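K.L.:
What follows is a single structure, and I will ask about it in a moment.
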Amino acid sequence: MDDMRKRIVDEFTKLRVSRQRKYQLRMKRDRCCTECGEPAVQGSRCLKHLVKARERQRKKRGLKRRYHGTLSYRLEAVVRQKKKTAAQRGEIAQKPALRPAPARRAGLPRRAGGRRPPGRNKG
Ligand SMILES: [Zn+2]
């Protein structure tokens with residue numbers, strides 16, 4: 001029995017719940033994401049899984065409105081802001097700005113069977 005991995009013995013061991021639920025409870029206790037175990041900024045999930053859960057629920061419940069004061073939106077905004085400031089400091093390589101495509105009207109082959117204005121060839 002020595003080669004068996006030691007069981008985790010904590011306050012959740014004796015609970016009559018599934019292993020998954022125990023994992024979630026332990027993650028929650030340690031302030032980690034209950035799905036992937038990454039450190040959770042706030043709440044019970046990491047940002048990635050907060051967003052995933054939000055979108056999953058939206059789809060399931062057929063909701064249309066977005067509550068932008070919600071934690072996941074606020075955290076997303078913070079992350080976006082961080083990326084933006086990092087880009088401004090030149091830490092992240094910025095993508096070249098999109099230029100409008102050059103006009104290529106000249107030199108285009110005429111379409112065969114193109115419409116002509118009516119009544120030109122008559123009379
Ligand atoms: Zn996660």
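Coordinate-derived values only; no laboratory data. All figures in this text were calculated on a predicted structure; none of them were measured in a lab. A quick note on method: Cβ atoms are made from the backbone with ideal geometry, for glycine too, and the neighbour counts reach across all protein chains shown.
K.L.:
Out of all the residues in the stretch 27-59, which are in a loop (DSSP other than H, G, I, E, B) and more than 8 Å from the ligand (Cβ to nearest atom)?
P.N.:
Asp30, Arg31, Val41, Gly43, Ser44
K.L.:
Give the residues of the stretch 34-46 that are more than 19 Å from Arg21 (Cα to Cα) and either of a type in the set (Lys, Arg) or under 9 Å from the mean Cα position of the chain (by Cα) (or both), sorted by residue number.
P.N.:
none
K.L.:
On the given criteria, is Ala87 part of a helix (DSSP H, G or I) and exposed (fewer than 14 other Cβ atoms within 10 Å of the Cβ)?
P.N.:
So Ala87 passes the test.
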